[in-house]
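Where a number appears in this text, it was derived from the coordinates with a stated rule and is not lab data. Quantities reported herein were computed from a predicted structural model and do not represent experimental measurements. Cβ: placed from backbone, ideal geometry, glycine included. Neighbour counts: every protein chain shown.
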């Protein structure tokens, strides 16, 4: 299972970011292989609609669970449609 956390930094032990769509990085943790990786959020600097675009990025990375402190309305709807479980 792949779990994702919006991150402030480029390492797996970086602090969680309060933002979802505009978080500079996403940390991915694979519970089956016990591995972690961090990728830059390609949509962090977008002008609008970054929440749903970030959801698509998570879908492409096979995320099953997102842990985030808060979400915008558009991101929340996109996450519901994607089937990704959200833990807040």
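With the requirement that a residue be in contact with a strand residue (DSSP E or B) (Cβ under 9 Å, 6 or more places away or on another chain), surrounded by fewer than 18 Cβ atoms within 10 Å (Cβ to Cβ) and not in a loop (DSSP other than H, G, I, E, B), what does the stretch 77-88 give you?
80, 85, 86, 87
I need the full set of residues from the stretch 30-64 which are touching a residue at least 24 places away in the same chain (Cβ under 8 Å), within 16 Å of residue 12 (Cβ to Cβ) and within 11 Å of the chain's Cα centre (by Cα), in order please.
38, 40, 41, 61, 63
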